[in-house]
Amino acid sequence: VATGFLARLGGNPHNTFLDIDSEVTLAQAQASDARLAAGTGGLLEGVPVAHKDVFVTRDFATTAGSKILTGYRSPFDATLVQKLGASAQGGAGMVSLGKLNCDEFAMGSSNENSAFGKVTNPWDTARVPGGSSGGSAAAVAARLTPAATGTDTGGSIRQPASFCGITGIKPTYGRASRYGMIAYASSLDQGGPMARNAEDCALLLSAMCGPDLDRDSTSLDVAAEDFTASLNQSLEGLRIGIPKEFFGEGLAADVRAAVDSALREYEKLGAKLVPISLPRTELSIPVYYIIAPAEASSNLSRFDGVKFGHRAKDYTDLVDMYKKTRAEGFGNEVKRRIMTGAYVLSHGYYDAYYLQAQKIRRMIADDFQRAFTECDVIAGPVAPSVAWKFGENANDPVADYLADIFTLPASLAGLPGMSLPAGFGAQGMPVGLQLIGNYFKEAQLLNAAHRLQ
Ligand code: GLN
């Protein structure tokens, strides 16, 4: 199987891969074959997977989409890579095809921020695949891999899944280990699977979740689950909350129509639509774009030319070396976030911005808990529009930030959220339906998604 997939990667379709190494892949595949022949294979033995380049890997280069990590090779595998990998090491047995393109340090919504060139959307190559896990989404959509890993800090699994017509789930924050996931905003970062449908996502997520208490300080002590066990349950009586703030003026008519038709399908399956309110939805944008850059400015301080990757050639002293390395190594969006983050954390502004944002973050989480007294799951659009054309927002980063409005609330609250195909918009582009569940209700989300597929 791996040989067949490797053969498709020649010429790197859609610029999805940042590193491939057929020798590594074939060696993993042979080991899998041997385990299958011996009857000792894991849950997903021999099935190919590819990893977002934010996960560190021993067998492939890791760049996080940034020039600053040029030449970096991790001495260990991220926990999620290990959990999906060789079953001889306790993993599910998947065979890695390599590393997938993404926005630099997962900062972006269109993959245009990768230092290694844009990924094109397989449905229309003039359009963005979404981001930051755009390489993952495009690779699954183009059938270059049956499944991929992604990371979601403010929507980076759900939004590219929506733009490329695939399925992706971000579990409850803390349910899947962050160890070896290059940190962007640690209180929000969460890895998860991206695949063709909910059933495949359930298989991968079953292998990915579970406590990693010694290696990830925010890992939760919640046992892994077999998420496939609860697929095919009836939706009779399921209360689906419809937040009115997700269906306001900014929502494109074609997205609304596709989402509405998916909701009607749910009614046919016996679910009840319940109007709810998430009153601070709009505030999630300023809150996220204060907290995420603040954490990023701290996390990215480690890239100083000493420990990892790129180091400037000509410098006069240590400080000059830091400055030149970071000026050369980071792209514009990353620099913008570092500066924003340093500003909101600085003396005199901390109370006005960072502290306020933290308070509103808590209120956003409380709003969800209030909503979950009235409904079991929440449904709405993933993004206000279908995938936009390259360059449309090129000189307007805020336009990208605003388009994150429907994915940010669940991220700030740490809730599980997923995107599944809901149909097509006016230009024949895929539209995703977002489902948000209460903490640890991934199984319920996956079942609801599966019933629609
Ligand atoms: N678009 C958001 C950002 O740029 C989300 C990215 C993500 O989830 N990694 O921060």
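Each row is one residue, and each column tells you yes or no for (1) in contact with a helix residue (DSSP H, G or I) (Cβ under 6 Å, 6 or more places away or on another chain); (2) under 19 Å from Ala106 (Cα atoms); (3) within 16 Å of the ligand (Cβ to nearest atom).
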{"site": "Val287", "(1), (2), (3)": "yes, yes, yes"}
{"site": "Asn299", "(1), (2), (3)": "no, yes, yes"}
{"site": "Thr316", "(1), (2), (3)": "no, no, no"}
{"site": "Met321", "(1), (2), (3)": "no, no, no"}
{"site": "Glu328", "(1), (2), (3)": "no, yes, no"}
{"site": "Glu333", "(1), (2), (3)": "no, yes, yes"}
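Every residue, every condition in (1) in contact with a Leu (Cβ under 7 Å, 6 or more places away or on another chain); (2) among the acidic types (Asp, Glu); (3) modelled with pLDDT of 95 or more; (4) in a loop (DSSP other than H, G, I, E, B), yes or no:
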{"site": "Ser74", "(1), (2), (3), (4)": "no, no, yes, yes"}
{"site": "Asp77", "(1), (2), (3), (4)": "no, yes, yes, yes"}
{"site": "Lys83", "(1), (2), (3), (4)": "no, no, yes, no"}
{"site": "Asn113", "(1), (2), (3), (4)": "no, no, yes, yes"}
{"site": "Val119", "(1), (2), (3), (4)": "no, no, yes, yes"}
Quick check, is Thr40 surrounded by fewer than 24 Cβ atoms within 10 Å (Cβ to Cβ), in contact with a strand residue (DSSP E or B) (Cβ under 7 Å, 6 or more places away or on another chain) and in a loop (DSSP other than H, G, I, E, B)? no
Under 7 Å between Cβ atoms, at least 6 apart or on separate chains: pull out the pairs that start in region 145-160 with a residue that is under 14 Å from Ile436 (Cα atoms) and within 6 Å of the ligand (Cβ to nearest atom) and end on any residue that is at pLDDT 95 or above and not in a helix (DSSP H, G or I). Asp152/Lys170; Asp152/Gln190; Asp152/Gly192; Gly154/Leu188; Gly154/Asp404; Gly154/Thr407; Gly155/Asp404; Gly155/Thr407
Contact list please: Cβ distance under 8 Å, first residue in region 104-117 and within 17 Å of Asn12 (Cα to Cα), second residue within 9 Å of the ligand (Cβ to nearest atom) and of a type in the set (S, T, N, Q), pairs at least six apart or on different chains. Asn111/Ser132
Among the residues that make up region 300-309, is at least one of them farther than 19 Å from Gly65 by Cβ and hydroxyl-bearing (Ser, Thr, Tyr)? no
Can you tell me which residue in region 219-249 is surrounded by the fewest Cβ atoms within 10 Å (Cβ to Cβ), limited to those that are without any contact (Cβ under 8 Å) to a residue 60 or more places away in the chain and not in a loop (DSSP other than H, G, I, E, B)? Lys244
Any chance you could count how many residues in region 14-32 are assigned to a helix (DSSP H, G or I) and either small (Gly, Ala, Ser) or crowded, with 17+ Cβ neighbours inside 10 Å (or both)? 10
Enumeration of residues in region 430-453 that are among the small types (Gly, Ala, Ser) and either within 16 Å of the chain's Cα centre (by Cα) or outside any helix (DSSP H, G or I) (or both): Gly432, Gly437
Test for Phe116: is it closer than 22 Å to Asp59 by Cβ and in contact with a helix residue (DSSP H, G or I) (Cβ under 9 Å, 6 or more places away or on another chain): yes
Residues in region 408-424 that are away from the ligand (no atom under 13 Å from the Cβ) and either within 25 Å of Glu265 (Cα to Cα) or not small (Gly, Ala, Ser) (or both) total 8
Please state which of the following conditions Ser385 fails to meet, knowing it meets all the rest: (1) outside any loop (DSSP other than H, G, I, E, B); (2) within 20 Å of the chain's Cα centre (by Cα); (3) surrounded by fewer than 22 Cβ atoms within 10 Å (Cβ to Cβ). (1)
Report yes if Ala183 is within 28 Å of Gln453 (Cβ to Cβ) and among the small types (Gly, Ala, Ser), otherwise no. no
For region 194-209, state whether one or more residues are outside any helix (DSSP H, G or I), touching a residue at least 40 places away in the same chain (Cβ under 8 Å), crowded, with 19+ Cβ neighbours inside 10 Å and within 16 Å of the ligand (Cβ to nearest atom). yes
Here are some conditions: (1) over 20 Å from Leu204 (Cα atoms); (2) surrounded by fewer than 21 Cβ atoms within 10 Å (Cβ to Cβ); (3) in contact (Cβ under 8 Å) with a residue 40 or more places away in the chain; (4) more than 18 Å from the chain's Cα centre (by Cα). Leu402 meets all but one. Which one does it not meet? (4)
In region 110-144, which residues are more than 15 Å from the ligand (Cβ to nearest atom), among the β-branched types (Val, Ile, Thr) and either under 20 Å from Gly191 (Cα atoms) or buried (at least 24 other Cβ atoms within 10 Å of the Cβ) (or both)? Val140
Spot the failing condition for Gln427; the list is (1) part of a loop (DSSP other than H, G, I, E, B); (2) modelled with pLDDT of 95 or more, and only one is missed. (2)
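Results for (1) touching a strand residue (DSSP E or B) at 6+ places or on another chain (Cβ under 7 Å); (2) within 16 Å of the ligand (Cβ to nearest atom), shown as yes or no for each residue.
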| residue | (1), (2) |
| --- | --- |
| Ala252 | no, no |
| Asp260 | no, no |
| Gly270 | no, no |
| Ile276 | yes, no |
| Ala294 | no, yes |
Quick one: how many residues across region 431-446 are of a type outside the set (A, V, I, L, M) and surrounded by fewer than 24 Cβ atoms within 10 Å (Cβ to Cβ)? 5
Just for region 161-189: of the residues that are near the ligand (Cβ under 9 Å from one of its atoms) and not acidic (Asp, Glu), which one is surrounded by the fewest Cβ atoms within 10 Å (Cβ to Cβ)? Leu188
Can you pull out the residues in region 60-109 that are over 21 Å from Gly329 (Cβ atoms) and within 16 Å of the ligand (Cβ to nearest atom)? Ala78, Leu80, Ser109
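The values are calculated or read from the model by the stated rules, or taken from the named source; none is laboratory data. Because the structure is a prediction, the values reported are computed rather than measured. Virtual Cβ from ideal backbone geometry, glycine too; neighbours counted across all protein chains shown.
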